[in-house]
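K.L.:
Structure in structure tokens, see below.
None of the figures in this text is laboratory data; all of them are computed from the coordinates on show. Keep in mind that what you see is a predicted model, and the values were worked out from it rather than measured. So basically every Cβ, Gly included, is an ideal-geometry build from the backbone, and we count neighbours across all protein chains shown.
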Amino acid sequence: MSESTIQLYNQDSHLKTFKGVVLTCIEQTDETLASGRSYIVTLDATAFFPEGGGQPSDKGTLEDAMVLDVKEDDGIIYHTVTAPLTVGSTVTGHIDWDRRFDLMQHHTAEHIISGIIHNSYGWDNVGFHMGSDAITVDFNGSLSEEEIRIVERKANQAVYENIPIMATVPDPEELKTLNYRSKKELTGDIRIVTIPGYDSCACCAPHVALTGEIGGIKIISSQKYKGGVRISMLCGTRALLDYNKKEKSVTEISVLLSAKPDEVKDAVKTLKAENLSLKGQLVNLQNQILTYKAAFITEGSRDICIFDNEIGPNSLRTYGNLLIERITGICSIFTSTDGKEYKYLLASKVLDVRPLGKSLNETFNGKGGGSKEMVQGTVTGDADIIKKFITDFQI
Ligand SMILES: [Zn+2]
């Protein structure tokens, strides 16, 4: 059986560059790469963290080979790399440090937030996802907006206190006496990560050395989730970039509304109220125009067929209802915005308009339907031809 890989990230979570001896290098087909092959490499020691504790695996390089993925199995760490490495040679590894540091900031913040919520409200962290945007943490109980802001303030207090983070592997007897959070029953050596005063949790991933390195913790949203709450948060540079993005958005809205940035909400409320009032006025004016238009139709006419592109599709029904009061047969109204496709309405107080609607749709590639008294739909064709069809149909 092979020896376990020496896990340098456990000794120093800030190790960015290291040397290791290549123990094995196995070629494999890899359809995700243009070359069609990648290599699985093991070393005597590595600073590459494999996936674990909710934290994704590291990326970086081993000599000139890119490290695409890192996995651990039975104490041995397997690096998936893009180029072969010579067995027995000493290679230099570089961790993609910006990425790793960002992950450690967020992961450590997750411990602080989970510890505070557990200690203050008794809820457990039941799900944790580190995406490329915000990270999410799920808890099995609900929190009010006010409680979430209290948690956020306490978490940032932990950052200001710049507390050293401890990682220990207690012996089984000592472990029994410790009070720590753990998502599942663990076996073998248990690594306990402690942030004094805030949290103690079983976790295998590397964390920042001091809470101050997190830079700041911002809960950006919370939502009800499976009977509990899902919190989304950002730390350090990601939180700053998010702030910049939101500030830019508010500044642009503020310019558009000619309102100060902290007054845009009231400005939008005013705008919406004005919009609603204008819509009401518009409907009134439209109805007045339709009433005037209808007055031009000779009262007592039998059938009428009107093509009027000034009538919006939304006014067809209102106009139709006004017109059928003045005629004794069928009223047909067509309106179009492009002169090709027509929205139409057929209405009558005495005749069944459905046969005309059906025939109209069949002849002019249309669709629509309705009741005996009123049919609405869409047809495509030339206005004169449609008009002739309607006239002939009624004759
Ligand atoms: Zn952790």
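K.L.:
Going by how many other Cβ atoms sit within 10 Å of their own, how do H107, H129 line up, fewest first?
P.N.:
The order, fewest Cβ neighbours first, is H129, H107.
K.L.:
Given a Förster distance of 30 Å, report the FRET efficiency between E373 and A273 from their Cβ-Cβ distance, rounded to the nearest 0.05.
P.N.:
0.20
K.L.:
Further, regarding this structure: At 0.36 nm per residue, minus the direct Cα-Cα distance, what do V283 and D308 gain on full extension? Give it in nm, one decimal, please.
P.N.:
Roughly 7.2 nm would be gained on extension.
K.L.:
Rank these for me by crowding, M166, M130, M233, going from fewest to most other beta carbons within 10 Å.
P.N.:
So the ranking, lowest neighbour count to highest, is M166, M130, M233.
K.L.:
Classify region 244-289 as rounded, prolate or oblate from the Cα gyration tensor: take a ≥ b ≥ c as the square roots of its eigenvalues, call it rounded if a/c is under 1.5, otherwise prolate when a/b beats b/c and oblate if not.
P.N.:
prolate
K.L.:
In whole percent, what relative contact order does region 250-395 give with Cα contacts below 8 Å and a gap of six or more residues?
P.N.:
Once normalised by length, the contact order is 16 percent.
K.L.:
For region 51-89 and region 267-310, what is the separation of their Cα centres, given in Å?
P.N.:
Each part's Cα centre sits 70 Å from the other's.
K.L.:
Can you give me the P(r) profile for the chain? Cα pairs, bins 10 angstrom wide beginning at 0, each as a whole percent.
P.N.:
4, 16, 17, 12, 10, 10, 12, 11, 6, 2, 0
K.L.:
From a point 7 Å beyond the Cα of A383 in the direction of its Cβ, which residues of region 321-362 have a backbone N at a distance under 18 Å?
P.N.:
Within reach of a label on A383, which here means backbone N under 18 Å from a point 7 Å along Cα→Cβ, region 321-362 contributes 332-346.
K.L.:
Can you compute the modelled spin-label distance between E63 and V126, with each label point 7 Å from Cα toward Cβ, in nm?
P.N.:
Placing both labels 7 Å along Cα→Cβ, they lie 5.0 nm apart.
K.L.:
What FRET efficiency would be calculated for the residue pair T298, D392, taking the C-beta separation as r and a Förster radius of 25 Å, to the nearest 0.05?
P.N.:
For R0 = 25 Å, the calculated efficiency reads 0.70.
K.L.:
Separate question: For the chain, what is the relative contact order in percent, using Cα pairs closer than 8 Å and at least 6 residues apart in sequence?
P.N.:
10 percent
K.L.:
At 10 °C and 1.306 mPa s, grab the translational diffusion coefficient of region 184-290 from Stokes-Einstein with a Kirkwood Rh over Cα pairs, rounded to a whole number in µm² per second.
P.N.:
82 µm²/s
K.L.:
Give me the orientation-averaged projected area of the Cα convex hull of region 251-349, in nm², one decimal.
P.N.:
Its Cα hull, projected and averaged over all orientations, spans 8.4 nm².
K.L.:
In what sequence do S301, S315 fall when counting other Cβ within 10 Å, fewest first?
P.N.:
Lowest count first: S301, S315.
K.L.:
Distances longer than 24 Å among the Cα atoms of region 15-108: what percent of all pairs is that?
P.N.:
Looking at region 15-108, the distances longer than 24 Å represent 17 percent of pairs.
K.L.:
Mind scanning K293/K349; K293/K372; K340/K367; K226/K269; K16/K71; K358/K388 and naming the pairs with a C-alpha gap bigger than 23 Å?
P.N.:
As for pairs spanning more than 23 Å Cα to Cα, those are K293/K372; K226/K269.
K.L.:
By how many nm would the segment from I150 to T17 lengthen if fully extended, with 0.36 nm per residue of separation less the alpha-carbon distance?
P.N.:
43.9 nm
K.L.:
Looking at region 262-320 from every direction and averaging, what is the projected area of its Cα convex hull in nm²?
P.N.:
5.0 nm²
K.L.:
I would also like to ask the following. Let's test the formula: R0 of 22 Å, r as the Cβ-Cβ distance of E51 and S89. What FRET efficiency results, to the nearest 0.05?
P.N.:
Efficiency, from the Cβ-Cβ distance: 0.25.
K.L.:
Please work out the C-alpha center-to-center distance from region 223-255 to region 311-389 and express it in whole Å.
P.N.:
51 Å
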